[in-house]
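Comments concern the structure below.
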Amino acid sequence: MGMPTTPVPYDFIGDVLITPQQIEDRVRELGQQITRDYQNSDHLLILGLLRGSVMFITDLMRHIQRPMTMDFMSVASYSGTESSGFIRIEADHKTSIQNWDVILVDDIVDTGYTLNFVRKLLLDRNPRSLKICALLDKVERRKAAVPIDYCGFTIPDYFVMGYGLDIDENGRNLPYICSVNLEKYNQRSQP
């Protein structure tokens with residue numbers, strides 16, 4: 001798609017893969033679909049995985065026209081640009097999910113290890129139902145089977161940032177999703 005038109009302080013941005021308008025349109029569609037699917041639910045919980053899902057979950061909730069509540073979990077699995085495979089719960093959700101319809105919201109499904117781990121943990125807590133909503137699905141990297149019920153976009157195997165996604169806490173505030181030129185990024189992070 002080319003270089004971004006929004007000025008940014010990063011010289012390691014590759015191509016813009018998903019524009020702000022594309023994000024806005026797709027998030028609206030997902031919200032409308034969830035509204036239809038849960039029209040009879042009186043206990044809907046949107047459960048976000050911190051921190052990458054914050055922008056996505058906030059925009060998504062604006063398009064869900066149902067009574068709901070929101071909670072978060074903080075889960076760590078990355079070290080630098082690679083998933084470590086070791087999952088650590090840093091902060092658990094506060095709301096009891098027993099007998100709730102839960103939609104687990106994440107920014108990106110990569111290897112699938114994190115979502116697979118969290119999904120099993122949540123199922124043990126007896127929700128009425130559990131669905132997964134992911135902004136991005138990087139199918140080529142999948143190592144653990146994860147059912148994605150609501151998917152924003154399928155992307156190639158690029159390291160990406162923007163719209164909540166980061167590289168070492170950089171780029172979360174970008175209004176689009178772009179690839180990261182890892183060669184440039186690694187050159188600048190060396191002393």
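The values are calculated or read from the model by the stated rules, or taken from the named source; none is laboratory data. Bear in mind that the values here come from a model prediction, so they are computed numbers and not experimental data. A quick note on method: Cβ atoms are made from the backbone with ideal geometry, for glycine too, and the neighbour counts reach across all protein chains shown.
Given the structure, is L122 surrounded by fewer than 21 Cβ atoms within 10 Å (Cβ to Cβ), in a helix (DSSP H, G or I) and at pLDDT 90 or above? The answer is yes for L122.
Any residue at all in the range 91-101 that's modelled with pLDDT under 95 and either acidic (D, E) or in a strand (DSSP E or B) (or both)? Among the residues of the range 91-101, at least one is modelled with pLDDT under 95 and either acidic (D, E) or in a strand (DSSP E or B) (or both), which makes the answer yes.
Cβ-Cβ distances below 9 Å connect no pair with a first residue in the range 21-42 that is at positive phi, a second residue that is modelled with pLDDT under 95 and polar (S, T, N, Q), and a separation of six or more residues or different chains. Among the residues making up the range 43-58, those that are in a helix (DSSP H, G or I) and in contact (Cβ under 8 Å) with a residue 40 or more places away in the chain are V54, M55, F56, I57. The combined condition, being in a loop (DSSP other than H, G, I, E, B) and at pLDDT below 95, is not fulfilled by T114.
Contact map, the range 157-185: first residue free of Cβ contacts under 8 Å to residues at least 12 places away in the same chain, second residue surrounded by 19 or more Cβ atoms within 10 Å (Cβ to Cβ) and in a strand (DSSP E or B), Cβ cut-off under 9 Å, separation 6 or more or different chains; pairs are N173/G162. No other residue among Y176, Y150 is under 15 Å from the mean Cα position of the chain (by Cα) and surrounded by fewer than 20 Cβ atoms within 10 Å (Cβ to Cβ) apart from Y150. Residues in the range 11-32 include at least one that is of a type in the set (V, I, T) and part of a loop (DSSP other than H, G, I, E, B).
Scanning the range 52-69 for residues that are crowded, with 16+ Cβ neighbours inside 10 Å and within 16 Å of the chain's Cα centre (by Cα) yields G52, S53, V54, M55, F56, I57, D59, L60, M61. Taken residue by residue, the range 69-78 has no member that is within 25 Å of E29 (Cβ to Cβ) and outside any strand (DSSP E or B). Scanning the range 137-157 for residues being in contact with a helix residue (DSSP H, G or I) (Cβ under 9 Å, 6 or more places away or on another chain) and in a loop (DSSP other than H, G, I, E, B) gives a total of 10. Screening K120, K143 for residues that are farther than 15 Å from G52 by Cα and in contact with a Ser or Thr (Cβ under 6 Å, 6 or more places away or on another chain) leaves exactly one candidate, K143.
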